[in-house]
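Structure first, commentary second.
Where a number appears in this text, it was derived from the coordinates with a stated rule and is not lab data. All values derive from a computational prediction rather than experimental measurement. Glycine also receives a Cβ, built like all others from the backbone with ideal geometry; neighbour counts cover every protein chain displayed.
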Amino acid sequence: MNRTLALASMLLATTACGTKIDPVQQVDYGPLDVPPAGVTWCKDIQPMMARFCITCHDSTKSGADRQGAPTGVDYDTYATVSASALAVKATIQNGSMPPGGSVPTVDQGLFVEWIDTGKRECGADTSEDIASDVPDVPATPDIPVVATCTSGKHWAVADGQGFQMSPGGNCITCHAGKANAPSYMLAGTVMGGLHDEDDCDGVLGVLVVIEDGSSPTPRIRTYTTNAAGNFFLETGSADITLPYRAHLSGGTTPRAMNSPQTDLNCANCHTVAGLHGAPGRVLAPQ
Ligand code: HEC
Ligand code: HEC
Ligand code: HEC
């Protein structure tokens, strides 16, 4: 904890310019609690398939639910994905799947690394399974959340597309395959309420700190949210070693993501209700 607070105050000193800053700081506050593990089915590949492929290629689906995916071409089990790993690699690399979208470069890289390291099913040691640190809660909570808009301000289509569009929306997935939309490797929105709805403006000027998985010294990158609460990083503009951890500083209670993550698309988990164990939005420090 002291470590986090000390870091937060050091970084606050660097925000004076108020714009996006991306220094590679030599701040040594120890290694990640969980060392970067090898790529495994349980930790990386199954979630990737769940996100990009099994809406259609799922052995438990039939008929129209498969949306035209050929019968028998399924990616919901370790056995089928490892058996057809080269076909999967080819389709994600040539961009033909998923239809109308694409698998981000970081995920493509993980998939190739998985093949190259022997298509491991789960970590030999369960502490290697970073995903196992995430509480096992259902994707759709039983109790519906009541959506709020703490800022009281909304972005509307009429406001135009750009850096302040769609706060809380999934910038990366929506932009994939759209010629005039920037491709982001990291993106998210810091909101004023845990359950603020999509298009509700978030909080300006929060410092988002990404501590990557570089060993022995994690690299620290910082981004400052804009008037919509959005922050983002264009594909290819930085090298971030996975897994990473995120902290927010400012206010009297800096916030930190305890479990390291391998997905830089915050909106995949920090939705209005929260997915994959996330409690809801990335919430601004109070
Ligand atoms: C929205 C539904 C959908 C999603 C999501 C999807 N596919 Fe497909 N897939 C299809 C359809 C429809 C076809 C058959 C037509 C075609 O080949 O374009 C297909 C065909 C394929 C084939 C060729 C199978 C063959 O035997 O010819 C492969 C390989 C494949 N998909 C891999 C993937 C992978 C890998 C993913 C995830 C990265 C994925 N698909 C996501 C609908 C989908
Ligand atoms: C539901 C889909 C969708 C979501 C979500 C979305 N965008 Fe966009 N965005 C678009 C489209 C479509 C365009 C391209 C418009 C065009 O054709 O000129 C675009 C364009 C942009 C542009 C370029 C505008 C220009 O004039 O060059 C920026 C910057 C941008 N988006 C940022 C973001 C950010 C940041 C987020 C997430 C907080 C985000 N977008 C979320 C659909 C989306
Ligand atoms: C794969 C899912 C996932 C993704 C992607 C993800 N998170 Fe999280 N996040 C979680 C989970 C689960 C928690 C709660 C457990 C914890 O703190 O680790 C969490 C918690 C947090 C917290 C602490 C919340 C609090 O109020 O104390 C912050 C801050 C945070 N995430 C920021 C981010 C940022 C910034 C990104 C994108 C760069 C991101 N997260 C991407 C799953 C995710």
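Apply the a/c threshold of 1.5 to the C-alpha gyration tensor of the range 216-286 and tell me whether it is rounded, prolate or oblate.
rounded
To make sure I understand the rule: partners must be lysines, Cα under 30 Å from the Cα of Lys61, and not fewer than 8 residues away in the same chain. Which ones qualify?
Result set, ordered by chain and number: Lys43, Lys89, Lys119, Lys178.
Please list 245-252, 69-76 highest first by mean number of surrounding beta-carbon atoms within 10 Å per residue.
On the way: 245-252: 18.0, 69-76: 15.5.
Ranked from most to least packed, the peptides come out as 245-252, 69-76.
Between Thr60 and Lys178, what is the label-to-label distance in nm when each label sits 7 Å out along the Cα-to-Cβ direction?
Label at Thr60, label at Lys178, 3.2 nm between them.
What is the local net charge at Cys149, summed over the other residues whose Cβ is closer than 13 Å to its Cβ (Lys, Arg +1; Asp, Glu -1)?
Neighbourhood net charge equals -3.
Once you have the Cα-Cα distance between Thr71 and Ile115, take 0.36 nm times their residue separation minus that, and quote the gain in nm to one decimal.
13.4 nm
Sort out for me the Cα centre separation of the range 55-83 from the range 194-269, rounded to whole Å.
34
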